[in-house]
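A quick write-up on the structure given underneath.
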Amino acid sequence: MRRGLMGWNAEELPVATLEARLARLRAEMDGAGMDAFIVYTNNVRPSAVAYLTGFTPYWSDALLLVQRTGAPVFATALSKRVSEWIRTTDPMSEIVNTPRPGTLLGERLASDPLIKRVGVLEFDTLPSGLADDLAAAAPAVEWTDGSALFTGLRRAIDDPEQKLLSRADAIAAGALRETEPGKTGDAGMLAGMIEKHARLAGAEEAYIAIAPDLAADRRLNRLSKPVPLADRFAVRASIAYKGCWVRRTRTFAKDGSVAKAEAWLDGVARSLEAGKPIATQLAARVNELPGATLQAWMAESCTGSYPLSVIASSRAPGKDTLMNGQFLVLTIELTLDGAPWIGAAPLIVGQASL
């Protein structure tokens, strides 16, 4: 269950923006021959429904039905006592409370003889109970995976989303400043301090992961117990604000030897170019950092229902050509002057800042 305060703000996310997003989805549906589109959401897969409606769930699951015309239908198993709260965070949808969301939406689809082909975001991971109910209630419908369609829709972000991402990033950067010398303590205490800072700054979610001894183990884990911090450690903050997620990772060394790598990463984030593979650009840029050897990299973005998904990495080269205006979180692992270093920063391709 989420713990942060969810709320829709019309100034930050105008109705006109949500209407434009739905219009783009419907245009893509029309081009793909889809008569309707279904999106699943739960507390770990909130992003597609949040993008289309502004709603982010605290718990439970639900389905959103988008047809060619009319308001989307948001069907949830949550009781009617939370309907008014849902309406305050979702200004776009007809809210329907039902113990069988799949059955209700399937019956809606079956009642319209013009609906023959329906796209489903991430069809293969739709919970089986919901999928079975949809199919049983609408046996004549042809179901098709709509993930590629939705991913294409999400490759460029609009101005309100950029501002929300920028706010989330400011929260993440501010929270990570809690790791400055004199504030650290042990890893468990540090994680608590960073999360507290992020939540007081307005974060809906804050997931803090730490590699307390980077020289021994580069893995970043969520820690709550007292674990001593070594001379070199790394911290990752994954932060959500109004349904928009960013990650930042910093490496800290008591001798201060990582400052040049941080400045280098900021420069890389500002200078990645569209139309060129990430791997090629990083290989050229790492030569600008004396003493550095590139070990691995990863690019994440929001392409569907998950807040951040890997879209390219050093483990899977060949699918990393960038598009102008694309949002990414870029994570880079280096060996710097013989010691490990990890950094991550969000960016928008072709722009000097988020």
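The values are calculated or read from the model by the stated rules, or taken from the named source; none is laboratory data. From a predicted model like this one, the values you see are computed outputs, not experimental measurements. Note that we place each Cβ from the backbone using ideal geometry, even for glycine, and neighbour counts take in every protein chain shown. Protein only, heavy atoms only, side chains kept; ligands, DNA and RNA dropped before computing areas. Shrake-Rupley method; radii C 1.70, N 1.55, O 1.52, S 1.80 Å.
Taking the stretch 293-307 as the search range and keeping residues that are in contact with an Asp or Glu (Cβ under 8 Å, 6 or more places away or on another chain) and surrounded by 19 or more Cβ atoms within 10 Å (Cβ to Cβ), which one is farthest from residue 243 (Cα to Cα)?
It comes out as 297.
When the residues of the stretch 331-354 are filtered to those that are in a strand (DSSP E or B) and either farther than 24 Å from residue 171 by Cβ or at pLDDT below 95 (or both), which remaining residue is nearest to the chain's Cα centre (by Cα)?
333
Of the residues that make up the stretch 13-34, is at least one buried (at least 24 other Cβ atoms within 10 Å of the Cβ), polar (S, T, N, Q) and touching a helix residue (DSSP H, G or I) at 6+ places or on another chain (Cβ under 7 Å)?
no
Among the residues of the stretch 290-300, is any part of a strand (DSSP E or B), out of contact with any helix residue (DSSP H, G or I) (no Cβ under 7 Å at 6 or more places or on another chain) and more than 21 Å from residue 339 (Cβ to Cβ)? So that I can check it myself, show each step before the final result.
Taking the stretch 290-300 first, the residues part of a strand (DSSP E or B) are 292-300.
Cutting the leftovers down to out of contact with any helix residue (DSSP H, G or I) (no Cβ under 7 Å at 6 or more places or on another chain) gives us 293, 295-296, 298, 300.
Adding the requirement that they be more than 21 Å from residue 339 (Cβ to Cβ) leaves 300.
So far as the stretch 290-300 goes, yes, one or more of its residues are part of a strand (DSSP E or B), out of contact with any helix residue (DSSP H, G or I) (no Cβ under 7 Å at 6 or more places or on another chain) and more than 21 Å from residue 339 (Cβ to Cβ).
Here are some residues: 210, 239. Which one is more than 20 Å from residue 339 (Cβ to Cβ), part of a strand (DSSP E or B) and either modelled with pLDDT of 95 or more or open to solvent by 30 Å² or more (accessible area, probe 1.4 Å) (or both)?
Numbers: 210 fails: more than 20 Å from residue 339 (Cβ to Cβ).
Of 210, 239, the one residue that is more than 20 Å from residue 339 (Cβ to Cβ), part of a strand (DSSP E or B) and either modelled with pLDDT of 95 or more or open to solvent by 30 Å² or more (accessible area, probe 1.4 Å) (or both) is 239.
Can you name every residue in the stretch 190-207 that is in a helix (DSSP H, G or I) and open to solvent by 30 Å² or more (accessible area, probe 1.4 Å)?
192, 193, 195, 196, 197, 199, 200 - these are the residues of the stretch 190-207 that are in a helix (DSSP H, G or I) and open to solvent by 30 Å² or more (accessible area, probe 1.4 Å).
Can you give me the number of residues within the stretch 319-337 that are surrounded by fewer than 17 Cβ atoms within 10 Å (Cβ to Cβ) and touching a residue at least 12 places away in the same chain (Cβ under 8 Å)?
Final tally of qualifying residues: 6.
Just checking, how many residues over the stretch 73-95 are over 16 Å from residue 42 (Cβ atoms), surrounded by fewer than 18 Cβ atoms within 10 Å (Cβ to Cβ) and not small (Gly, Ala, Ser)?
So the answer is 8.
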